[in-house]
Structures are given as structure tokens and as C-alpha cells.
1. Take the alpha carbon atoms of the range 179-244, find their center, do the same for the range 342-414, and report the distance between the two centers in whole angstrom.
2. Evaluate Rg over Rh across the chain, taking Cα atoms for both radii and Kirkwood's formula for Rh.
3. In the range 274-415, with Lys and Arg counted as +1 and Asp and Glu as -1 at Cβ, which of these residues, T373, A405, W322, has the Cα nearest the positive end of the dipole, that is, farthest along it?
4. Amide H neighbours of F239 under 5 Å, counting only residues 5+ apart in sequence or on other chains, H built in-plane at 1.01 Å?
5. Taking amide H positions as placed in the peptide plane 1.01 Å from N, state which residues far from H42 in sequence (5 or more) or on other chains have amide H under 5 Å from it.
6. To the nearest 20 debye, what is the magnitude of the charge dipole of the chain about its Cα centre, counting +1 on the Cβ of each Lys and Arg and -1 on the Cβ of each Asp and Glu?
7. Using per-residue counts of other Cβ atoms within 10 Å, averaged over each peptide, order 315-325, 159-169 from highest down.
8. Rounded to the nearest whole Å³, what is the per residue volume of the convex hull around the Cα atoms of the range 336-453?
Amino acid sequence: MLSGVTQTTDLAAQPDPPEPSAPSVPSAPSAPSAPRAPGRVHRAWFVAVVTFVTIIGAAAFASLPGLLIEPLHTEFDWSRGTIGFAVSVNLALYGLTAPFAAALMDRFGIRRVVAVALTIISAGSVLTVWMTAAWQLVLYWGVLVGLGSGSMALAFAATVTNRWFVARRGLVTGILTAAGASGQLVFLPLLSWLVEHHGWRPAAVTVALAALAVVPFVWLLLRDHPADVGLPAYGAKTFVPKPAPVTGAARRAVSVLFSAARTGPFWLLAGTFAICGASTNGLVKTHFVPAAHDHGMPITAAASLLAVIGVFDVVGTIASGWFTDRFEARRLLAVYYALRGVSLLFLPMLLAPSVHPPMLFFIVFYGLDWVATVPPTIALCREHYGEDSAIVFGWVLASHQVGAAVVAFAGGLARDVFGSYDVVWYASGALCAAAALMALVIRRRPVVATATV
């Protein structure tokens with residue numbers, strides 16, 4: 001909410017550029033105020049729907065790594081550590097690209113950046129079909145898919161929310177974050193069936209086609225800013241013109257990082273989110289399927305359990321967005337991390353050849369908590385960093401993915417060395433307890449201090 005105040009103030013201070021900001025929408029006046037016709041749904045909700053579907057289409061790439069470990073190990077005799085390294089490169093670049101992608105969206109617009117990112121994901125995924133060496137897996141899946149997916153990261157959702165919404169930001173953030181889980185729900189059962197019955201190559205092609213299919217949808221329907229259609233942001237009192245493109249995207253991303261790095265909340269948010277990535281993308285999403293398979297569970301059954309996590313992730317993330325609009329974000333984070341840590345400590349005792357009620361309880365519980373941390377984390381970035389919050393969150397997301405990358409590699413290495421994943425589950429549970437304490441240390445910034453900047 002505070003970033004909306006800051007953003008409106010900054011935009012209103014610019015020269016009044018006018019009519020060009022509101023091209024080609026007949027029903028959208030370019031006057032300083034554009035009241036919505038009674039009963040008409042604000043255009044921001046249509047943009048949110050397009051963003052949701054786009055993230056779903058791009059989510060196929062995130063569903064595949066855990067399904068590839070065993071097939072690639074069997075076909076090429078690559079160690080799990082080697083495969084985990086490729087996944088870790090993917091996860092690290094996913095995060096490190098995000099802050100630059102947020103700055104590029106300010107420079108070139110959301111549509112262009114997202115369309116190019118989806119094309120890169122598609123190219124990287126389809127090229128894996130012809131790979132014969134481990135370095136090609138690192139290049140195609142690690143580098144190309146990592147760079148493309150980083151531009152489709154949560155910074156995309158944060159940018160759309162900051163531009164198009166003043167009211168309901170927590171709820172919209174929760175809904176858009178849940179899109180990734182919805183994509184997981186859609187693609188995991190399909191991809192696991194393809195891997196088991198037709199091999200991993202058709203699954204890789206499916207990921208490529210899913211990403212490519214969304215490109216026309218993005219180009220035709222997504223809009224960069226409310227001023228493009230002559231409207232104020234949802235919940236805003238007045239219309240504000242579209243700001244001029246911000247040049248020097250990379251320089252801005254780095255300067256925002258240096259500025260934020262001088263503040264305590266940034267390091268606490270980055271630290272907690274690194275643990276979040278380690279305990280979700282790096283650990284469960286990458287290693288749950290092979291860990292369950294080690295205990296005799298079929299790959300399709302284990303993948304189906306991950307899909308069920310996706311179902312409850314949608315519920316948990318949207319609920320978290322609703323809670324974030326009403327409760328203190330740092331306390332929500334502490335509760336989420338504490339509950340996640342407890343559940344991970346019990347997981348090694350629950351793995352078995354078949355699915356039983358205690359395992360289902362873990363899946364439901366973990367699903368509700370999966371990315372519930374995102375709405376309060378974005379809210380804290382917005383509270384402390386105002387109009388730079390999307391880029392700051394991009395850097396916080398980078399720490400999330402670095403944490404995920406470390407555990408994706410360490411998990412595979414631990415399996416090679418110890419013959420099981422148990423030590424990784426216990427270590428991640430302990431890290432989540434530390435994250436809960438770190439969240440409570442984050443100080444709340446007074447509203448007056450932000451509003452008068």
C-alpha cells in the first residue's frame with residue numbers, strides 16, 4: 001500500500017505528458033480522473049488474469065527437474081550430483097536474473113521482456129532433446145532455461161501488482177504467486193506420465209511447447225501500465241500518466257542493490273528467503289520424487305503427491321495474501337517458517353513404498369505453507385523500499401534461488417555420499433527454525449516515514 005503512495009507521488013511530480021499515454025482504448029478517457037462505469041470490472045483484473053495464465057504456462061519448466069534425475073542417471077550414467085549441479089545453475093540464474101528483469105520491464109515494458117523470456121525457455125528446453133554430454137544439460141537447462149525463467153520469476157508478479165493495484169495488493173500477490181502452483185498441478189501428472197511411459201524427451205518437448213504457446217497470449221492481451229488504457233490503478237483515487245522508460249536497467253538494478261544492502265531489513269529478508277528456497281525448490285521440488293522412489297514409491301505416485309502440494313499451495317498462498325492485507329507481515333513469516341521446519345523434521349519417518357494417511361497429512365500441511373511466505377515478503381519489501389520494491393524483491397528472490405541452488409546440489413551430493421536424503425531433511429528443518437527467528441527481528445517501518453519521502 002505504501003509503495004502505491006510513493007509511486008503516485010513520484011509520477012505526479014513528472015511533467016504532464018498526456019494523451020500519448022492513453023492510446024487506442026475508446027472507453028478510457030485521458031482526463032486526470034477516469035471513473036469506472038457502474039458494474040464494470042476494472043481492467044487491472046483482466047491484466048491479473050493474463051499474468052496468472054502466463055505464469056501457469058511457464059510453470060512447466062519448474063515441474064520437470066525432479067522427474068529427470070532418475071531417467072538421466074539411468075540413460076547417461078551421470079551422478080545425481082552432476083544432474084543436481086545443472087539444476088542448481090538453473091535455480092541460481094532464475095534468481096540472479098530477476099532483479100535485472102524487473103529493471104528491464106521498467107525500460108522496455110512487461111510484454112516485451114516476458115515474450116522474450118518465454119521464447120528462451122522454449123529454446124533451452126527443446127535443445128535438451130539432442131544432448132549427449134553433461135555440459136549440454138548445464139548449458140541448455142541450467143543456463144538458457146534459468147535465464148528465461150528468471151525473467152518470468154516472482155518479480156514479474158510483483159511488477160504487475162505494483163503498477164496495476166493500490167488496493168488488494170496482498171490478495172493479488174497471493175493469487176499470482178499461486179499461479180506457479182497451479183501450473184505444477186496441471187503439468188506434474190502429465191509430465192510424470194510421459195517420463196514413465198515415453199521417456200524424458202517428450203516431457204522436455206511438452207515444456208517447450210507450453211512456454212511457446214503463451215507468447216501470443218502475452219503479446220496480444222498484456223498491457224504494461226494502467227495509463228496505456230487511460231485508467232488509474234485499481235484502488236487509486238486519481239489517474240497518473242505513464243512514466244517515461246527508465247534507461248540504464250542494469251545500472252539501476254545494481255544501484256538499488258547497493259542502496260538496499262545498507263539496510264538491515266534487506267539482509268534479514270534475503271536470509272529468510274534463501275532458507276525458503278532451500279526448503280522448497282531446492283529440496284522438495286527437486287529431491288522429493290527421487291527420495292520417495294528410494295523407498296519404493298513409484299515415480300508417478302510421488303509426482304502426484306507433489307501435484308497435491310500444488311493444490312493446497314494455491315489455497316495457502318491466496319489465504320496468505322488475504323492475511324497479509326490484515327496482519328503484520330513479519331509475524332506471519334515467523335509462523336510459516338516455524339511450521340515448515342517442524343513438518344520437514346517428520347518427513348524422513350513418513351517415506352514408504354505406498355501412500356498412507358500420515359504422508360497425506362504432511363503433503364496437505366506442506367502445501368498450505370509452500371509459498372505462503374511470498375505475499376508477506378513482498379509486502380515487507382514494499383513497506384521498506386517503496387517504488388524500488390519490485391527490484392529489491394528481485395534481489396531477495398535471487399537469494400531464494402541461490403539457497404535453492406545450494407540445496408539442489410547438496411541434496412544430490414548427500415544422496416551419493418550417504419545413500420539417503422535424511423541428513424538434508426533434518427538440516428533444512430533446522431534452517432527453517434532459524435528463519436522464523438530472523439523474521440521476528442525485522443522492524444516495522446512507520447507509515448509516516450515512508451509517506452513523506
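1. Between the Cα centre of the range 179-244 and that of the range 342-414, the gap is 21 Å.
2. Details: Rg = 21.5 Å, Rh = 22.0 Å.
Taking Rh as the inverse mean 1/r over Cα pairs, Rg/Rh reads 0.97.
3. So the residue we want is A405.
4. Amide H to amide H, under 5 Å and 5 or more residues apart or across chains, F239 pairs with S33, A34.
5. none
6. Numbers: 27 positive and 20 negative charges, 237 e Å.
The dipole magnitude comes to about 1140 debye.
7. On the way: 315-325: 22.3, 159-169: 24.8.
Listed from highest to lowest mean packing, they are 159-169, 315-325.
8. Details: hull volume 12.5 nm³, N = 118.
Cα convex hull per residue, to the nearest whole number: 106 Å³.
The values are calculated or read from the model by the stated rules, or taken from the named source; none is laboratory data. Here the structure is a predicted model, which means the values were calculated and not measured. Cβ sites come from the backbone with ideal geometry, for glycine too, and all protein chains shown count toward neighbours. To get the accessible areas, we keep the full protein, side chains included, count just its heavy atoms, and leave off ligands, DNA and RNA. Shrake-Rupley method; radii C 1.70, N 1.55, O 1.52, S 1.80 Å.
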